[in-house]
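Structure record follows, encoded as structure tokens.
The values are calculated or read from the model by the stated rules, or taken from the named source; none is laboratory data. Because the structure is a prediction, the values reported are computed rather than measured. A quick note on method: Cβ atoms are made from the backbone with ideal geometry, for glycine too, and the neighbour counts reach across all protein chains shown.
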Amino acid sequence: MPPQKGASPSEQSLIKISLDYALRVAPATLCGMSSGTRSRHGTGPRRALALALALLTALACAAQGPGQAPESTPESTRDSTPASIATPHSRAVEGGVARTWTADGPRVLGIIAHPDDEFTFAGVLFKTATHLGGVCELLTITDGQGGFKYATIGAALHGVDLTDEEIGRRELPRLRLQEQLESSRLIGVQTLHYLGQRDHRYTTDLDEILAPGADVWDLGAVRRALDARLAAGYYDFVLIHAPTVTTHAHHQAASLLALEAVQRMAPTARPLVLCAEVEDGPDNGPPWISPATKEAFPAARSTGGPFNFDRKQPFGYRERLDYQLVIDAAIGRHVTQGSLLRMIGQGTREEYWLLGDDSDAARERCARWFTRLAEPQYPAREYEDSAGVNTGAGAPTR
Ligand SMILES: [Zn+2]
């Protein structure tokens, strides 16, 4: 469905800020504004502006290092006013020639729990944006404060002991937001929507998040934010993590809340929802989603697939490059997340399953998208001697 002209009232309450602008503004100026963003600022656009300023402050101060940062983190915990941040990925490159985004490709939203989960969809997002002229966005539910256990490498980089729980919870939200902005920019994401809910701890117990009375996340605010984003975005596809019982309960909850939100939309307005897993081996069938989850969330039943994205599709001079290199570079931006860094070089295939729509038309739309994602993207180039001795037939392949 093409985007409609004009923004809805809920969209108008979001504030989109160019990161180019944010990084040009003197960090000291922004940090000086932080004291004005720590308290409540009423409701609506004014409060959204306050949160956006807090996020910008965090980004600017992250560039200075933790030693100069204010003690406060962004107004994040349990504050679900969405902030939308445009990453500076304003142009795609096709065949070596820069062109302006055409936005004539699919509109895709990844809904994720943590500010590094985008790597699961990274190949599809990158190629949708750069090859198909699509619009790719992310909605991240939590602030990532729980990612301190494996933050040793990031602690060395930033000069502060991020592995200490108290320090990590205080410092990681702004550091991880910066990391996610850089990662997102690499994989072609234009806009990041950030809810800032509390990343409380690792668990696979979904009840900690979604059971009646659970208060880790402000579920009402998350549901409202999802409804508003989906209504404003006119997405063709929503990507989520496979809500299997063995994955982090935050991933399960983010996916199930996304499915619920899509089901609340009018049938003709719903995007198709695909869940993803990164795989190395052969297809083992649909992801194992528990009977209890399917009972509680009927839309979690898989209805088609798998639709595969091969991260090893070769391109570039002598086909020495592939999409896994793009993804590895994006993962490498998450330097505070040591356990994620182990995923560099891992996972050759993104496997997607359609959920909740068993129509032939839905499966055909997915198939058409993934067929285009398997097309050759970059034309082969030949070089002359001026490019080096590794050119021409019979030259060494370096
Ligand atoms: Zn995660």
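Worth a mention:
- Extreme residue, farthest from residue 258 (Cα to Cα), among residues of the range 169-217 that are polar (S, T, N, Q) and surrounded by fewer than 24 Cβ atoms within 10 Å (Cβ to Cβ): 178
A quick yes/no check of all residues on (1) more than 25 Å from residue 365 (Cβ to Cβ); (2) part of a loop (DSSP other than H, G, I, E, B); (3) within 15 Å of the ligand (Cβ to nearest atom); (4) at pLDDT 95 or above:
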site: 252; (1), (2), (3), (4): yes, no, yes, yes
site: 258; (1), (2), (3), (4): no, no, yes, yes
site: 261; (1), (2), (3), (4): no, no, no, yes
site: 268; (1), (2), (3), (4): no, no, no, no
site: 274; (1), (2), (3), (4): no, no, no, yes
site: 283; (1), (2), (3), (4): no, yes, no, no
site: 287; (1), (2), (3), (4): no, yes, no, no
site: 294; (1), (2), (3), (4): no, no, no, no
site: 303; (1), (2), (3), (4): no, no, no, no
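- Of the numbered criteria (1) among the basic types (Lys, Arg); (2) surrounded by 19 or more Cβ atoms within 10 Å (Cβ to Cβ); (3) over 30 Å from residue 267 (Cβ atoms), the one residue 229 fails is (3).
- Residue check for residue 272: aliphatic (A, V, I, L, M) and within 16 Å of residue 141 (Cα to Cα): no
- On the stretch given as the range 110-153, residues that are of a type outside the set (A, V, I, L, M) and within 16 Å of the ligand (Cβ to nearest atom) total 19.
- Taking each residue of the range 213-230 that is assigned to a loop (DSSP other than H, G, I, E, B) and looking for partners that are hydrophobic (A, V, I, L, M, F, W, C) and surrounded by 17 or more Cβ atoms within 10 Å (Cβ to Cβ) with beta-carbon atoms closer than 6 Å, six or more apart or interchain, yields 216/209.
- Cβ-Cβ under 7 Å pairs, at least 6 apart or on other chains, the range 308-337 side under 16 Å from residue 117 (Cβ atoms), far side outside any helix (DSSP H, G or I) and of a type in the set (Phe, Trp, Tyr): 337/150
- Residue check for residue 167: in a strand (DSSP E or B), over 21 Å from residue 328 (Cα atoms) and either modelled with pLDDT of 95 or more or among the hydrophobic types (A, V, I, L, M, F, W, C) (or both): no
- Residue in the range 185-193 that is in a helix (DSSP H, G or I) and either more than 14 Å from the ligand (Cβ to nearest atom) or aliphatic (A, V, I, L, M) (or both) present: yes
- Identity of the residue in the range 236-250, modelled with pLDDT of 95 or more and more than 13 Å from the ligand (Cβ to nearest atom), that ends up nearest to residue 121 (Cα to Cα): 239
- In this structure, residue 230 does satisfy being out of contact with any strand residue (DSSP E or B) (no Cβ under 6 Å at 6 or more places or on another chain), closer than 30 Å to residue 365 by Cα and at pLDDT 95 or above.
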